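Written out below as structure tokens is the structure these notes cover.
The values are calculated or read from the model by the stated rules, or taken from the named source; none is laboratory data. Since the structure is predicted, the reported quantities are computational estimates derived from the model, not experimental observations. Cβ placement follows ideal geometry from the backbone for every residue including glycine, while neighbour counts extend to all protein chains displayed. Remember, those area values only see protein heavy atoms, side chains included, never the ligands or the DNA or RNA. Shrake-Rupley method; radii C 1.70, N 1.55, O 1.52, S 1.80 Å.
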Amino acid sequence: MAEWFQDNGLLLGLALLDGLSSAGLIFLVAVGLNLVFGVLRIVNVAHGSLYAIGAYSAASIGIFLAGLGLPAWASIPTLVLSAALVGAILGPLIERFILRRIYGGEEVVQLLVTFALFMILEDVQKLIWGVQPIHHDVALRALGTIDVPFGTDFIPFTNYQLFVLPTFAIVTLVGLALFLRRTLTGRVIVAVTTDREAATAMGIDAARIFLLTFTFGAMLAALGGALLSPTAALVPGIGAQTIVLSFAVVATAGLGQIEGAALTSLMMGLGRSIAVYFAPEFEVVVPYIIMVAVLLVRPQGLFGVIETRRV
């Protein structure tokens with residue numbers, strides 16, 4: 001064991017660092033999907049398209065601002081503003097004109113409608129940004145790198161991936177938990193999630209809560225994409241890859257579980273990253289192996305609860 005660690009210690013350390021940064025991105029997308037399902041009871045396949053559009057928009061706005069001569073540090077708040085813009089525009093439009101028409105409908109209809117929307121938005125991305133890779137890494141380069149001590153060696157790693165991505169994930173997790181438990185609007189959202197009929201009977205405007213929740217979920221998806229944009233070349237299909245992984249996180253954590261999504265994202269991010277360095281042939285399947293292993297033992301997910309269905 002000691003000999004293996006001596007030979008592969010640096011690779012293991014790099015895998016752990018990559019896994020932490022990857023987990024942050026996965027969580028931002030999965031928690032938005034989980035939140036939307038918890039309140040609206042709709043599995044939104046188009047969530048992946050919002051992620052991709054957030055990434056493309058952030059890269060495009062960053063390239064535009066760089067052309068104006070703005071300092072490199074300005075690219076970081078631009079990522080957040082881009083995500084907020086995408087969520088604030090597309091979120092209300094999708095909820096008001098599409099999802100509102102299928103609330104309470106059969107699950108298969110909801111899946112077909114959101115999948116159709118996903119396909120439409122995928123083509124819209126190709127019409128606007130084309131099919132050639134787009135990359136804008138100013139934010140990544142602006143923060144530089146750091147030598148992370150690991151055992152007796154040091155691992156060079158970008159400050160952006162080491163600090164910015166996990167920080168956004170942690171702030172989102174803590175902020176969302178406090179918002180849902182300590183604010184009036186958050187408690188109203190929890191009430192609608194728990195018993196929509198009772199909440200409506202008490203005078204809560206469920207339609208308004210649905211709109212706010214979906215818009216916020218869209219912003220989280222777009223934020224995940226925006227934060228990805230400095231670290232990878234953007235190509236068609238990134239939304240599909242992400243939504244499938246997010247579904248695995250949601251199913252493993254338990255539908256509607258926020259804290260569970262954080263832990264599951266960490267498990268899958270680390271598992272997939274370790275596979276990349278030590279067993280690349282299993283990179284794609286590791287998250288789903290984790291999901292199947294959990295669901296075989298707990299069909300409701302790690303943190304899910306068995307609910308009784310009204311008939």
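Okay, here's what the table says:
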{"quantity": "Filtered residue count, segment 241-256, keeping only those that are open to solvent by 40 Å² or more (accessible area, probe 1.4 Å) and in a helix (DSSP H, G or I)", "calculated": "3"}
{"quantity": "Every pair of residues 6+ apart whose Cβ atoms lie under 6 Å, when the first sits in segment 256-269 and is under 19 Å from TYR288 (Cβ atoms) while the second is among the aromatic types (Phe, Trp, Tyr) and surrounded by fewer than 22 Cβ atoms within 10 Å (Cβ to Cβ)", "calculated": "GLN257/PHE303; GLY260/PHE303"}
{"quantity": "Any hit, segment 115-134, residues being open to solvent by less than 50 Å² (accessible area, probe 1.4 Å) and either at pLDDT below 90 or at positive phi (or both)", "calculated": "yes"}
{"quantity": "Hits in segment 38-75 (condition: open to solvent by 30 Å² or more (accessible area, probe 1.4 Å), part of a helix (DSSP H, G or I) and under 27 Å from THR213 (Cβ atoms))", "calculated": "ILE61"}
{"quantity": "Criterion violated by ARG196 - all others in (1) open to solvent by 50 Å² or more (accessible area, probe 1.4 Å); (2) under 24 Å from VAL86 (Cβ atoms) satisfied", "calculated": "(2)"}
{"quantity": "Any hit, segment 257-270, residues being open to solvent by 20 Å² or more (accessible area, probe 1.4 Å), of a type in the set (A, V, I, L, M) and modelled with pLDDT under 90", "calculated": "no"}
{"quantity": "Among the residues listed as LEU81, LEU20, the single one being of a type in the set (A, V, I, L, M, F, W, C), more than 20 Å from VAL244 (Cα to Cα) and open to solvent by 20 Å² or more (accessible area, probe 1.4 Å)", "calculated": "LEU81"}
